[in-house]
Amino acid sequence: MRARSLIALASLAAATASSVVPVPARAEKVCAWSIPVEMIDKVYSGNAHAGQPFKFRVTEDAARDDGTKIPSGSIGYGVVRGASAAGRHNHDGSIAIEPRYIMVPNAKGGGNERIEVTMNPMLPVMWTPTEPLLNKAASHVPLPVPGLIMTGVNTVRWGRNITLGPGFKFTVLPVENLSTNAPVC
């Protein structure tokens with residue numbers, strides 16, 4: 001019985017060792033490339049409105065599937081898709097941004113080329129501040145009194161606004177890269 005176990009274990013180890021494929025020193029991406037960017041302008045949910053323009057900057061060198069270079073520092077433009085200011089009853093403000101395009105130097109000569117982009121689909125559509133800590137702390141208590149107290153407090157408490165400003169990082173995708181049906185990196 002013990003000999004059979006050892007033979008089975010040895011054959012399993014041999015099969016595993018033969019099926020291991022060496023990893024190349026530098027693997028190429030096989031996915032829709034995301035472009036890391038950060039906000040330049042400040043968008044504040046207290047006074048933002050749909051259609052308001054904003055600017056962002058590419059933070060790392062990138063490229064499209066066709067080889068077009070997107071250098072770090074390239075400026076991109078977008079619009080606020082929707083915004084809601086904070087209000088009574090603990091209603092937090094929210095912002096939805098829609099990056100539209102990045103301007104890059106044209107490789108064929110002077111001028112700039114416009115590269116259409118969209119928000120990375122792996123990121124949230126709406127940005128909001130986190131839930132208040134007191135609300136989280138009292139939400140799991142099964143007693144009616146804390147729930148009633150929180151309801152009373154939230155009736156008069158104003159929610160919080162959110163600011164997406166310089167340094168806020170997110171990623172965008174070139175629109176033509178979405179047609180590759182590859183996973184998003």
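The values are calculated or read from the model by the stated rules, or taken from the named source; none is laboratory data. All values derive from a computational prediction rather than experimental measurement. Cβ atoms come from the backbone with ideal geometry, glycine included; neighbour counts cover every protein chain shown.
Quick check: anything in region 149-171 of a type in the set (A, V, I, L, M), modelled with pLDDT of 75 or more and assigned to a loop (DSSP other than H, G, I, E, B)?
Yes: region 149-171 contains one or more residues that are of a type in the set (A, V, I, L, M), modelled with pLDDT of 75 or more and assigned to a loop (DSSP other than H, G, I, E, B).
In region 61-97, which residue that is surrounded by 19 or more Cβ atoms within 10 Å (Cβ to Cβ) and closer than 15 Å to N112 by Cα is modelled with the lowest pLDDT?
I70
Can you report the number of residues in region 36-67 which are in contact (Cβ under 8 Å) with a residue 40 or more places away in the chain, closer than 27 Å to A107 by Cβ and not in a strand (DSSP E or B)?
The qualifying residues number 5.
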